[in-house]
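*Asks:* Sharing a structure with you now.
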Amino acid sequence: MLNVLIDWVLHLDTYLKILADNHAVLAYAVLFAVIFIETGIVVAPFLPGDSLLFIAGTLAAQHVMHLPILIPVLVIAAIAGDALNYALGTAVRRRTVDAHRLRFLKPEHIARTHAFFERHGGKAVVLARFVPIVRTLAPFCAALGRMQYRTFLKYNIIGGLLWVVGLIGAGYLLGNVPFIGDNLNAVLLGIIFLSVLPTVAGKIRKPARTARQEN
């Protein structure tokens with residue numbers, strides 16, 4: 001299963017180009033589904049959203065796909081996915097936290113989460129878009145932390161636009177550069193590495209910060 005996923009990620013350009021050449025509508029539908037599921041379903045953070053957006057941009061540069069269709073379709077997918085994720089978080093909070101059914105999730109935990117999103121909520125929702133796994137968890141946590149939906153929606157739209165337009169735009173601008181085309185697998189791996197770097201760095205810094213506080 002892992003080998004299949006790795007192969008799919010490393011050859012996204014080939015598979016997506018074949019699909020777009022033979023079934024254009026289906027290609028857009030698959031892109032919509034992947035972006036929507038990655039951002040909307042808490043248990044599916046492993047889907048390669050960043051790489052997929054970049055590849056879609058390179059295919060648009062090659063006139064295999066079309067920007068006027070790609071951008072609105074995928075912006076809607078990203079915004080709708082986060083909205084679903086927020087709704088799931090709200091439902092979980094009401095049925096468990098508010099009903100005091102989760103012993104391990106105490107009111108003070110929710111209070112701290114709420115305080116975090118009150119302080120950094122907008123910035124967190126926007127920046128989370130660019131970090132795999134975190135972008136899947138951020139809307140859910142925002143709902144758990146009782147971030148106002150109107151506030152969440154505003155930053156959801158801003159983040160969705162920046163993420164989709166930014167990565168598709170990068171792919172479009174670089175799509176016809178010979179070096180990028182000749183080394184696309186390495187570029188995809190680089191995108192994945194840069195995407196997960198903040199999460200890894202945070203994991204490394206956390207024990208060191210804890211040790212300093214204890215000393």
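*Asks:* Which residues, taken from segment 35-59, are under 27 Å from VAL177 (Cβ atoms) and free of Cβ contacts under 8 Å to residues at least 40 places away in the same chain?
*Replies:* LEU47
*Asks:* Please determine whether any residue of segment 21-33 is at pLDDT 75 or above, in contact with a Phe, Trp or Tyr (Cβ under 7 Å, 6 or more places away or on another chain), assigned to a helix (DSSP H, G or I) and under 13 Å from VAL164 (Cα atoms).
*Replies:* no
*Asks:* Any idea how many residues of segment 96-151 are modelled with pLDDT of 70 or more and charged (D, E, K, R)?
*Replies:* Total meeting the criteria: 7.
*Asks:* Against the definition (closer than 17 Å to GLY40 by Cα and outside any helix (DSSP H, G or I)), how does PRO132 come out, yes or no?
*Replies:* yes
*Asks:* Now a separate question. Which pairs do you get when a residue that is under 18 Å from ALA33 (Cβ atoms), found in segment 79-98, comes within reach of a residue that is among the aromatic types (Phe, Trp, Tyr) and in a helix (DSSP H, G or I), reach meaning Cβ atoms under 7 angstrom, with the pair 6+ apart or on two chains?
*Replies:* Final answer for the pair search is ALA80/PHE36; GLY81/PHE36; ASN85/PHE140; LEU88/PHE140.
The values are calculated or read from the model by the stated rules, or taken from the named source; none is laboratory data. From a predicted model like this one, the values you see are computed outputs, not experimental measurements. Positions of Cβ are generated from backbone atoms using ideal geometry, with glycine treated the same way; all protein chains shown enter the neighbour counts.
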